[in-house]
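Accompanying notes for the structure given below.
Read-outs: derived from the displayed coordinates by stated rules, not from any lab. These numbers come from a predicted model, not from an experiment. Ideal geometry is used to build each Cβ from the backbone, glycine not excepted, and the neighbour counts take in all protein chains shown.
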Amino acid sequence: MTKKKIWLYNTLKTFFLLCFVAPSFGVEIYRCQNGKHVTYQEFPCQSNDQQEVINDTFDSEEEPPKATKIVLQRDATSQFHVDGTLNGIAVKFLIDTGASITAIPQEIAVFAKLPLESTISAKTASGSTTDFKTTIKELKIGNIIQLKDVPAAIIKGDQALLGMDVLKHFEMTQLDNNLTLILR
């Protein structure tokens, strides 16, 4: 089998197994990071991993007050990240102005129960790849924006990317180590 077919088989297998095996509500999800490798799992991380506990559902009974501006600070790798949710799953997005579409790693896609609609070919800085097209029912960025039925890609990587399809809703200003997103 080719690499693409093996990846497709493993992705589909993981997607279906975790969708039917993983409980839908009330589960704590652990985001485990060991160096550059990130995994999302339902059990605690290994002792040498950096661990963050993420609730798999967004508490919608008490919505926080809506804001119109988010100020992000550059991290140690000179990148900007923003917290959000997709289909109720907490996600840390990398702000990627070079991405035309929002991209979700396959592990997060499984927990968010994103549908696999079709395969798509994409050209990235790393070369050509085959990903899956999907639709996010509900995407929230901080307390500012809530989008419905957002087209996205399910990717092989481990970092969720917030692309220009979502960033176009903001006026972006970078000053020193801060990036300000203001809802248009």
Calculate, in nm to one decimal, what Lys92 and Lys148 gain on full extension: separation in residues at 0.36 nm each, minus their alpha carbon distance. 18.3 nm
Evaluate the distance, in nm, between pseudo-label points positioned 7 Å from the Cα of Thr119 and of Gln79 along their respective Cα→Cβ axes. 2.7 nm
For the range 114-184, what is the per residue volume of the convex hull drawn over the alpha-carbon atoms, in cubic angstrom? 119 Å³
Given the C-alpha centroids of the range 154-176 and the range 111-145, what is the distance between them in whole angstrom? 12 Å
In units of 2.2 N^0.38 Å, the Cα radius of gyration of the range 62-184 is 1.04
